[in-house]
Amino acid sequence: MLAANTGFSGFPRLASVLADDRFMPRQFAFRGERLAFSFGIIALALMSAAVLAAFHGSVTELVPLYTIGVFAAFTLSQSGLVRRWWRLRNPGWRLSVFINSFGTLVTGTVLVVVVYTKFFYGAWMVLLVMPILVGLLFAINRHYRTVHDALLLERPDEPIPVLKPPVVLIPVARLDRATLQAVAFARSISPTVRAVHIASTAESAEEFARRWRRWTTEVPLDVIESPYRSLLQPLLRYIERIDERDDRPITVVLAEFVPRNWWEWILHSQTALRLKLSLLFRPNTIVIDIPYHTEDTGHGVTPRGPEDSPQ
């Protein structure tokens, strides 16, 4: 129990240090509300549960894994101290070198014995995972350094770039108050606004286009027929065509209804969420989410009249 507790108290702190040095994901450096490294604790708990399940909770099979990890750490720390004393050569360094060299010899011998005797009982797994983890840490560090170099300003007085007004696209499923709010916002950020509707039949496409023209002629509407009821692929192809003939950035404005209670969220199709995920890695594309709450009154957006109100 003491050994297990040591892992849960030591690993999150070690992971936070590595995260600060950009050798582990940045989430490991965040402290939770209880001032503990919650992400590291949860990650270690999940990994421990997976190892326990894989070895059916057998202490006999798990002890070699623990022993190899512990004595490998002891050997590395002792040899690191030997290198440190040899490099600094401060007063009494010879005695320190002797003590830590002896410690390296003892723990290293135990490590070799355990690896030799328990190799086919799970020790091979630790020997395989350790270099993979080290390579993964270096890969994470290389990624962070690459991103840092890509985002770094070349000079502190670099001017703010001037961008052209974007082409704003509004995917519209139906005419409702959420759509009105999204259209109003889109018109406030760019003079070039287009709406796009995916219809499953020619009749529904014609009916929606008629209702749209009845509601407004200021925002052009493109209707795409998708007989197989596919939504994302026709919409993504439509965005690709717009991007090919226009060099301005594309902004996709999504109208999303937000229910009063969190549990009501699962009752809706989450089309906006799926579309945001599809556009997340697309270059030259900005996604703006316009949430509509049921208590909203329109914020100045009102239908033209009773006969022209969206149905």
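Observations on the structure shown:
- By DSSP, the beta bridges lying fully in the chain are antiparallel in about 0 percent of cases.
- Its relative contact order, with pairs defined as Cα atoms under 8 Å and 6+ residues apart, puts region 2-151 at 23 percent.
- Prolate/oblate/rounded call for region 167-308, Cα gyration tensor, a/c under 1.5 rounded: rounded
- Applying the Karplus relation 6.51 cos²θ - 1.76 cosθ + 1.60 with θ = phi - 60° to region 45-54 yields 3J(HN,Hα) values of 5, 5, 5, 5, 4, 5, 5, 4, 5, 5 Hz, where x marks Gly and Pro.
- Relative contact order (percent, whole number), region 167-308, Cα cutoff 8 Å, 6+ residue spacing: 29
- Note that the chain carries a Kirkwood radius of 25.8 Å, evaluated over its alpha carbons pair by pair.
- In plain terms, the residue of Y228, Y238, Y121 with the fewest other Cβ atoms within 10 Å comes first and the most crowded comes last, giving Y228, Y121, Y238.
- Length-normalised contact order of the chain in % [C-alpha pairs under 8 Å, at least 6 apart]: 13
- Spin-label model distance (nm) - S278 vs R213, 7 Å beyond Cα toward Cβ: 2.7
- Signed unit charges on C-beta, dipole axis of region 155-224, positive-most listed residue H197, L169, V183: V183
- Per-residue 3J(HN,Hα) values for region 8-24, derived from phi via the Karplus relation 6.51 cos²θ - 1.76 cosθ + 1.60 with θ = phi - 60°, read 6, 8, x, 4, x, 5, 4, 5, 5, 5, 5, 5, 5, 8, 6, 10, 9 Hz in sequence order (x marks Gly and Pro).
- A convex hull fitted to the Cα coordinates of region 160-246 yields 111 cubic angstrom per residue.
- Plainly put, region 2-151 has a radius of gyration that is 1.02 times its Kirkwood radius, both from alpha-carbon atoms, as the Rg/Rh ratio.
- Packing-based ranking of 156-163, 24-31 yields 24-31, 156-163, ordered from highest to lowest mean Cβ neighbour count within 10 Å.
- Residues whose amide H falls under 5 Å from that of E225, counting only those 5 or more places apart or on a different chain, are A199, with hydrogens built in the peptide plane.
- Distant-in-sequence amide H partners of M24 (H built 1.01 Å from N, under 5 Å): A19
Read the figures in this text as sums done on the coordinates, not as results from a lab. Nothing here was measured: the structure is a model prediction, and the numbers come from that model. A quick note on method: Cβ atoms are made from the backbone with ideal geometry, for glycine too, and the neighbour counts reach across all protein chains shown.
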